[in-house]
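Have a look at the structure below before the remarks.
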Amino acid sequence: MELIIQNLSKTYPNGVKALNDISLTIQQGMFGLLGPNGAGKSTLMRTIATLQDADSGSVFLDDLDVLHDKQKLREKLGYLPQDFGLYPRITAEVMLDHIAQMKGVINKSERKDLVNSLLNKVNLFKDRKKALGTFSGGMRQRFGIAQALAGNPSLIIVDEPTAGLDPSERNRFYNLLSELGENTIVILSTHIVEDVSTLCSQMAIICLGEVLMQGKPSDGIKELEGQIYQKSIAKEDLSQYKGQFDVISTQLKEGKLSLRIKSETEPGSGFVPTVTNLEDVYFSYISQKVDPITL
Amino acid sequence: MQDFWNIFKFEIRYRFSRPATYAYFGMLFAIAFLLFGGGFTPASEKVYHNSPYVIASLQSIISIFGVLLASAIMGVPIYRDLEHKTGTFMFSYPLTKTAYFMGRFWGSFVVLLFITTGVMFGMYFGSLIGAATGWTEAERYGPHVLVNYIQPWLTLVLPNMWIAGTLFFALIIFTRNIKSIYSGGIVLFIAYLFSSFLAQDIENKDLVQLLDPFALNTFNYETRYLTPFEQNTFVLPLQGNLLLNRVIWSLAGLLFFVAAYWKFSFTYFFQERIKGTKKSEKEEAYQAPSQVKVFPDFSGKYQWLSLVALSKIEVSNILKDIYFRSILLGGAIFLALDFWIGNTLYSVSNFPVTSFLMEFKGFDYSLFVFIIIVFFTGESIHRSQSSGYSVISDTFPVKDSVLLTSKFLALAGVTLILALIPIPIGLIVQTIKGYFTYELQIYLIDSLLITYPDYLQMVMLVFAVHLIFNNKFAGHAASIGVWVVIGLVLDLAKVNFTMFKFSYKPSYIWSDMNGLGHLGKSLFWFNLYWTAFGLFLVLFFSIFFTRGSETNFASRWKVAKQRLGSPIVKLSLVFLFIALGSGAFIYQSVVYDNGYLTIREGEKRSADYEKQLKHYQFIPQPKVVSVFLSADIYPEERKADFKLDLTIVNKTDSPIDSLHMHSNSLSNFDILYDGKALDYRFPLSYDKRKFDILNKYEQKHWYKILPLPQTMQPGDTLQIQVLANLVNKGFPNSGYGRDLVHNGTFTSAFLPSFGYNESLELSSDETRRKYDLGPKDTDLPKHDDPFGLRNLLFSQDADFVSFEAIVSTSPNQIAVVPGYLQKEWTENGRRYFHYIQDTPIQYFFSVVSADYEVLLEEATLPDGQKVAIEIYHHQRHTFNLDRFLAAYKDGLVYFSEKYSPFQFRQMRILEFPRYAGFAQSFPNTVPFSESFGWVADFSDPNSFDYVYFVTAHELAHQWWGHQIAPNYTRGSNLISEALAEYSALILTERAYGKDNMKRFLKDELDRYLRGRSNESKKENAFINADRGYIWYQKGALVLYALRDYIGDEAIDSALKGFVGEFGLKEHPPFPGSSDLLRYLTMHTPDSMHYFLEDTWQKITLYENKVVDAAAEKTGDEEYLVTLTVSSQKLYADSLGRETPAIYEGDYLDIGIFAKEDKDENGRNRTNPLYIQKHKISPGETKLQIKVKGAVPVKAGIDPYNKLIDRIPDDNVVNVTVN
């Protein structure tokens, strides 16, 4: 199973070019879409989830034309949006049952088992008879995950899924996703690098509507192996270093400014080589488009 | 202090940056502007639209809506900080609670007050522009006086905003929940309406005035009797009850304010609450099933099952909504109350007959349903979007059509519940009241076949609007706007064509006698029309349905265009076609078969009639002397054929060469002379009817000028025949068509008239000016006018005639006309009745035909003559037959004894359906409406037996109106109506006692005073009575008081003498009001002649009141009462301007009373210890009176309110005993 996105473009009426000739090939398994806020991730997610049309380009799930055969795609889709609401006066149990029905689980007892098992998986079984309006943010997010998984979808899109979850909830979520079946494409759209590094076998980096990199996380790291250097500096000297080196990220560590640069050769000046991580890969691509300096 | 100013200024700046502030101001401005500019005020024609009374009245009403505004504006300022969590910053600032609290409150309050000034500006500019542009005539506006605008704002609006504002501000502080504000506003509004409704029945008006927090009742009560003159000049001063009310409730507001201030603190209000975790009950452990493998199935059944599931969850969403429940509860409470109390006449309710109950659903309940439908249709359609659920639900593989249909089905289901709710409530009310004739079929037909389609149509319109508007609030505003246009604006623009007003149908009413009758036909066609049209709207505008995250108009428009070719749009066109087809049928029926005219066209035609034919007004025309009527009634077809053989005589001194005959109720009439139809000319030329788009309308020739083959010389006699019919085809734009119905025909429309009829002219001066006609003097000719003296008031077409009739109808019905039944037979499947009236009667008759049960009884007159009493009634209406009978028996004997022998050998009552609510007295025949007492509930012994009273009134007309036939001069109608009202009052008093009359007389006084405050031309003195409120209400009061002064014998002698001279007088001069006055004067002592002068020739009022009443015990059950009274007589002019009279003193009752108790029948009884007339001079008078027998409890001047007094309640006070 393959999701092929070709030359997808979208400009909003206010002039914002959200997707700029995007092409991606996504195989089965976990695919991480990494990018800063405003990169176009949600636009891309919504387009695949049949909520929006594109100006040009195509999206094919095997031979299913996603942009023009929306209903057929919806039969296979599980979607966890970035921001969503629920009917406040309906209980979790009733709502999930309803959603399962909407996802084609027609058999009543089959549905009941499915609902109970899903709620249990996201640790909401004991809250199943409470009205959704009483749920905290984290509980709502977990419910969202449950409904995305209902009906055995083969294409699952999760948009910023770990927002609002505490560390243990996040781990639980990682475990849940990793249990997903073989013949499933999961697109995980996030700005949290750890999500991708933990779960995804493939990834892409998107910024300002363009794909900057696509491939395996390990390949990305290998590419930058040995090119990342680190040094602690004084804040006032930053602009000086910016002029001289290819600065990809800055961070405050123990009150001092920690600079990471990319350099194919030994930079000297007190820089120490460090182990490349996925964050470095991310920042090195992003910095080509936007200023990564956080000061 | 600086902090306070900062917050205060911020609040104001914030408010003025919000469009809502301007929207509220603009709304108030626009409403006031439209009302005043367009002249849509309750001001009668002699009152200026911008008179101080009207200005104050509008401000007072708007301030009630201001309460809703106050909830929106005052509930929010502090909550804003809670909702957006900016309140948490407040902890860290060096801000005092006082500065914050005061700043937020006063800032918002100032803005609220600013918004309410919108009304003042609207009224002012509306008046200016209205007059300047000629939208409303300039003379309807008076001078612009600033204080007229400002004073009511200061005394009514400002305190109301203070009360509501402090209430809502306190509410948000105590509850910390914004929902309490939204629901609080609505609850307060509904509770206020509810309590105002209840307050109508409360005797203690002072209490009502003080308890009304918004002083609306206070204002209305204080101004209810203002005459036109006073309305133009009177500003309600801040004193008495109004002042007290304002002080009490402003203090209440202060209390709210102080309580809120005391309760508020930053910690209390803004701190996050830790939600207490409920102790978890024994938890159900999750049992994992052996296998959870699901196989989604999207085949055939899926869309259908999804439709069901979506509809169910939507219904669930609506039914669980707290607003839905509270509005529905409010509606149900009002419904139960309306069912329970229903319509009262003279404060008496009817039995809860199902036919009558159906009418009450439309009083308040339908308003609540309307609010629910408008609001929740919008909520439903936008629910997914507003809740944020649509990003999930739009990705489900359900078709767009399924999503939309599920919303519609859910609303259809909820409105079905709303339509059915009245059924159990009605059944319960009926059962509690001990009435078990449920007639379930009426409930079901009304709820399911009439009301439910109505509700569905409303849903469809709102549904379509919300499909177009993607923004929920814009959709709400647009829906409300559409309904305001349909329900209000069109009416104000005088557009009443029912086919233009979505979901409107011609009104209908259930009758026990006639069921739904022919009215079902128009209901069916209009329901078909509107339902088809509604479905077209919904299906067509579904092309704008939004799915997905692209909600801007450009993409929706693109998608809509794509959807234009879909099968749903094609289906919508099918419904449009059905709508057009049924619309064409309705149009044909309303416009062509029933001659629809717009309101303005109708006015113009009346003006044309006057302009073109007025010169015929006094041409000589013959009078009828004998009538032979053949009437054939076909109730099922609602058709009747008439043949009248008339003998006419030229009673004038001039020759007559043509007959002018007219009838605008008959469908056709032809005049035959010698068996041949006479040629005629139709002399009127009208403009083409606006709605006659096919140009094929045939104007009815309702006025015919027929040249006679031979001129009639003075004294000549002629025989002519009138061939006429009444045909009903289809249904009209409005109106019940009550003359001819399946069961309960009652028509007097079959007599064509001679000559020009003045009563067909336009009477409103304002309307006349629009058509260049001068003002109309509605006074009849003077008392000594020759034409007036020799013509009768009820008809100038004849004096007295001889009458004979043969009437045929369906075999199961009885037909009745005035006269004695000679023979009854059946022929060719029709039933025939032959009546002869063997003594001369006046020229107005009725034909009645229905399926009756007849009660036959007899009365014996003082001279031994027997009178047959016949009561023709609907089978089930046997509740009050004894009362009709008693009134006839008592009255026939009493009136024959006191006035003159009853002139007939029979007296009959005929029930007719409740399409009209009156009773009318024909010779020995009284048709009496179904709703006028047949099902009244008199179980309370204190209730006023109005069946007895009205029957007595109609019986008295056999003397006053039939034996005495009034002439055609000004005021003469009082010798018919005032005497009938008086005679009925005396007869009822004899049966029920003086005390039972008190409430009735008080109501008569109230009606007289209200009537004169609504006068649109001028109020006449009693002798020239020309309005109902004068000849009925003032007549009863004047004659009852006179009888009290001169005694029964004197009045009865006067009336006996009057009837002696003029009774059954067949030749002119006929009697008028001055003749009655002459006889009354004859029997009134000279010392009381001033009273006749005051009550008959002038408009006289008294300001009587007790200043103080104290009593001292002087012995065993003996007391000396010291009473200080104040009295002043006033004379008013025709517009209500009063001047004090100058006089020595008048005779007024002074009364002292012991405690009230109940008599053997359970009726209230007053116990006077002393009641005597004293000559009281104007100003204050102190009296000392000895009483014995019991403790004096109350004392008063004119305690029985026999004299006209605008403040009747201060005539009696409690006595303080020392």
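The values are calculated or read from the model by the stated rules, or taken from the named source; none is laboratory data. No experiment lies behind these values; they were computed from the predicted model shown. Note: ideal-geometry Cβ built from the backbone for every residue, glycine included; neighbour counts use all protein chains shown.
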Requested in this report: Mind counting the residues in the range B:1165-1218 that are at pLDDT below 90, surrounded by fewer than 13 Cβ atoms within 10 Å (Cβ to Cβ) and at positive phi?
Outcome: 1
Query raised in the report: Which of the following residues is surrounded by fewer than 18 Cβ atoms within 10 Å (Cβ to Cβ), on the phi > 0 side of the Ramachandran plot and touching a residue at least 40 places away in the same chain (Cβ under 8 Å): B:Gly517, B:Gly595?
Result: B:Gly595
Report task. For A:Glu279, work out the one condition from (1) surrounded by fewer than 21 Cβ atoms within 10 Å (Cβ to Cβ); (2) in a helix (DSSP H, G or I); (3) touching a Phe, Trp or Tyr at 6+ places or on another chain (Cβ under 9 Å) it doesn't fulfil. Result -> (3)
Query raised in the report: Which pairs do you get when a residue that is in contact (Cβ under 8 Å) with a residue 60 or more places away in the chain, found in the range A:48-60, comes within reach of a residue that is surrounded by 21 or more Cβ atoms within 10 Å (Cβ to Cβ), reach meaning Cβ atoms under 7 angstrom, with the pair 6+ apart or on two chains?
Result: A:Ile48/A:Val59; A:Ile48/A:Val66; A:Ile48/A:Ile157; A:Ala49/A:Leu77; A:Ala49/A:Tyr79; A:Ala49/A:Ile157; A:Ala49/B:Thr395
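Out of all the residues in the range B:508-526, is one or more closer than 30 Å to B:His874 by Cβ and among the β-branched types (Val, Ile, Thr)?
Scanning the range B:508-526, I find at least one residue that is closer than 30 Å to B:His874 by Cβ and among the β-branched types (Val, Ile, Thr), so the answer is yes.
Count, please, the residues in the range B:140-149 that happen to be within 30 Å of the chain's Cα centre (by Cα) and either in a loop (DSSP other than H, G, I, E, B) or more than 16 Å from B:Pro52 (Cα to Cα) (or both).
Of the residues in that region, 2 qualify.
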Report task. Give B:Ile381, B:Ile392, B:Ile425 a once-over and let me know the one that is surrounded by 19 or more Cβ atoms within 10 Å (Cβ to Cβ), more than 27 Å from A:Asp159 (Cα to Cα) and either out of contact with any Ser or Thr (no Cβ under 9 Å at 6 or more places or on another chain) or within 14 Å of another protein chain (Cβ to nearest Cβ) (or both). Result -> B:Ile425
Query raised in the report: Quick check: anything in the range A:79-86 crowded, with 17+ Cβ neighbours inside 10 Å, more than 10 Å from chain B (Cβ to nearest Cβ) and under 30 Å from A:Pro217 (Cα atoms)?
Result: no
Query raised in the report: Just checking, which of B:Glu954, B:Glu989, B:Glu981 is in a helix (DSSP H, G or I) and surrounded by fewer than 24 Cβ atoms within 10 Å (Cβ to Cβ)?
Result: B:Glu989
Report summary line: Only one of B:Val353, B:Val369, B:Val308 is more than 30 Å from B:Met997 (Cα to Cα), modelled with pLDDT of 90 or more and more than 14 Å from chain A (Cβ to nearest Cβ), namely B:Val369
Query raised in the report: Across the range B:902-921, what is the total count of residues that are of a type in the set (D, E, K, R) and either free of Cβ contacts under 8 Å to residues at least 40 places away in the same chain or assigned to a strand (DSSP E or B) (or both)?
Result: 2
Query raised in the report: Could you say which residue among B:Tyr820, B:Tyr872 is surrounded by fewer than 18 Cβ atoms within 10 Å (Cβ to Cβ) and at pLDDT 95 or above?
Result: B:Tyr820
Query raised in the report: Picking from A:Ala39, A:Ala49, A:Ala54, A:Ala100, which residue would you name as being closer than 30 Å to A:Ser287 by Cα and facing chain B (nearest Cβ under 9 Å)?
Result: A:Ala49
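Just for the range B:763-817: of the residues that are among the hydroxyl-bearing types (Ser, Thr, Tyr) and within 30 Å of B:Asp608 (Cα to Cα), which one is modelled with the lowest pLDDT?
B:Thr778
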Query raised in the report: Does any residue of the range B:930-943 turn out to be buried (at least 22 other Cβ atoms within 10 Å of the Cβ), β-branched (Val, Ile, Thr) and in a strand (DSSP E or B)?
Result: no
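Matching residues to (1) surrounded by fewer than 21 Cβ atoms within 10 Å (Cβ to Cβ); (2) of a type in the set (S, T, N, Q); (3) within 24 Å of B:Gly583 (Cα to Cα); (4) modelled with pLDDT under 95:
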position	(1), (2), (3), (4)
B:Ala410	no, no, no, no
B:Ile468	yes, no, no, yes
B:His476	yes, no, no, yes
B:Val484	yes, no, yes, yes
Requested in this report: State yes or no: is A:Lys108 more than 8 Å from every other protein chain (Cβ to nearest Cβ) and over 22 Å from A:Phe135 (Cα atoms)?
Outcome: yes
Query raised in the report: Identify, please: which residue in the range B:527-574 is outside any helix (DSSP H, G or I) and away from chain A (no Cβ under 14 Å) and is, among those, nearest to A:Met45 (Cα to Cα)?
Result: B:Phe545
Requested in this report: Sort out which residues of the range B:93-118 are under 50 Å from the mean Cα position of the chain (by Cα) and among the β-branched types (Val, Ile, Thr), and write them in order of number.
Outcome: B:Val110, B:Val111, B:Ile115, B:Thr116, B:Thr117
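Before we move on, is B:Lys1002 assigned to a helix (DSSP H, G or I), under 26 Å from the mean Cα position of the chain (by Cα) and either under 17 Å from B:Tyr946 (Cα atoms) or among the charged types (D, E, K, R) (or both)? Let's see the steps before the verdict.
Numbers: assigned to a helix (DSSP H, G or I): yes; under 26 Å from the mean Cα position of the chain (by Cα): yes; either under 17 Å from B:Tyr946 (Cα atoms) or among the charged types (D, E, K, R) (or both): yes.
Spelling it out, B:Lys1002 is indeed assigned to a helix (DSSP H, G or I), under 26 Å from the mean Cα position of the chain (by Cα) and either under 17 Å from B:Tyr946 (Cα atoms) or among the charged types (D, E, K, R) (or both).
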Query raised in the report: Only one of B:Phe750, B:Phe794, B:Phe803 is aromatic (Phe, Trp, Tyr), crowded, with 19+ Cβ neighbours inside 10 Å and not in a strand (DSSP E or B); which?
Result: B:Phe750
Report task. Collect the residues in the range B:1044-1074 that are of a type outside the set (Ser, Thr, Tyr), surrounded by 20 or more Cβ atoms within 10 Å (Cβ to Cβ) and either touching a Cys at 6+ places or on another chain (Cβ under 9 Å) or assigned to a helix (DSSP H, G or I) (or both), keeping them in residue-number order. Result -> B:Ile1051, B:Ala1054, B:Leu1055, B:Phe1058, B:Val1059, B:Phe1062
Report task. Name the single residue, out of those in the range B:689-723 being among the charged types (D, E, K, R) and either over 34 Å from the mean Cα position of the chain (by Cα) or surrounded by 18 or more Cβ atoms within 10 Å (Cβ to Cβ) (or both), that is nearest to B:Asp593 (Cα to Cα). Result -> B:Glu698
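Table: residues versus (1) in contact with a Ser or Thr (Cβ under 7 Å, 6 or more places away or on another chain); (2) under 18 Å from A:Ile26 (Cβ atoms).
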{"site": "A:Leu96", "(1), (2)": "no, no"}
{"site": "A:Ile99", "(1), (2)": "no, no"}
{"site": "A:Gly104", "(1), (2)": "no, no"}
{"site": "A:Ala131", "(1), (2)": "yes, no"}
{"site": "A:Met139", "(1), (2)": "no, no"}
{"site": "A:Ala146", "(1), (2)": "no, no"}
{"site": "A:Asn175", "(1), (2)": "no, no"}
{"site": "A:Asp195", "(1), (2)": "yes, yes"}
{"site": "A:Ser201", "(1), (2)": "no, yes"}
Report task. Would you tally the residues in the range B:486-504 being crowded, with 18+ Cβ neighbours inside 10 Å and farther than 29 Å from B:Ile543 by Cα? Result -> 1
Report summary line: Those residues of the range B:1159-1218 which are among the charged types (D, E, K, R), within 39 Å of the chain's Cα centre (by Cα), under 18 Å from B:Asp1108 (Cα atoms) and in a strand (DSSP E or B) amount to B:Lys1194
Query raised in the report: Scanning for something under 30 Å from A:Leu114 (Cα atoms), at pLDDT below 75 and either within 14 Å of another protein chain (Cβ to nearest Cβ) or not in a loop (DSSP other than H, G, I, E, B) (or both), does the range B:257-278 turn up at least one residue?
Result: yes
